[in-house]
Each structure stands twice: as C-alpha cells, then as structure tokens.
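A short write-up of the structure that comes next.
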Amino acid sequence: MAEAGKQMPKLNLQQDAPKLSQSQLDYMKLIERQNMERVRKLARLRRNNISVGIGLGAAVLGIYGYSIFSVKQEKFLDELE
C-alpha cells in the first residue's frame, strides 16, 4: 500500500532535460496544450451556466413580482360582498 500524502517528485526541466527523450518532451507539450484547451472550455461553460442561471432567476422574480402586482389590483372579490 502507498503511504498517504506521498507524491511523485516534481520534474524540473532545466535539470532533467538531458534525461528525457525528444518524444517525451513532445508528449508533455501535447498534454499541456490539451489541458489548457480543456481549462478554457470549462471556463466558457461555467460563464455560460452563470449567465443562464441569472437569466432564469430574473425571469422567476419577474413572474413572481407581476403575479403579486396583478393580484393586488383585483377588486372583484370586494364587489362580491
């Protein structure tokens, strides 16, 4: 079993570059590029979700406010008595 909190050592490209092959460096660059693309996509998705949430909240509050306002104007219940 692995110990809790034990991590692999970080890679220092300045010192470890001679130990790595060109294909390993290219693969690292590819993975880094894909990760940055994923981060941008998630940020855009989060921004869209927030704007949709704000829009839906505003619509709900608007409908609620209109309902309360229109019920206050009704006088037909006063005329029934």
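Ile68 - would you say it is among the β-branched types (Val, Ile, Thr) and modelled with pLDDT of 95 or more? Quick ask: steps written out before the conclusion?
Values: among the β-branched types (Val, Ile, Thr): yes; modelled with pLDDT of 95 or more: no.
Considered against the rule, which asks whether it is among the β-branched types (Val, Ile, Thr) and modelled with pLDDT of 95 or more, Ile68 comes out as no.
Take the conditions in a helix (DSSP H, G or I), within 33 Å of the chain's Cα centre (by Cα), surrounded by 10 or more Cβ atoms within 10 Å (Cβ to Cβ) and at pLDDT 95 or above and apply them to Ile63. Does it pass? Step through it out loud before you land on a result.
Details: in a helix (DSSP H, G or I): yes; within 33 Å of the chain's Cα centre (by Cα): yes; surrounded by 10 or more Cβ atoms within 10 Å (Cβ to Cβ): yes; at pLDDT 95 or above: yes.
Here the answer is yes, as Ile63 does meet what is asked.
The values are calculated or read from the model by the stated rules, or taken from the named source; none is laboratory data. Given the structure is predicted, the values throughout are model-derived calculations rather than measurements. When we count neighbours, we look across all protein chains shown, and the Cβ atoms used for this are built from the backbone with ideal geometry, even at glycine.
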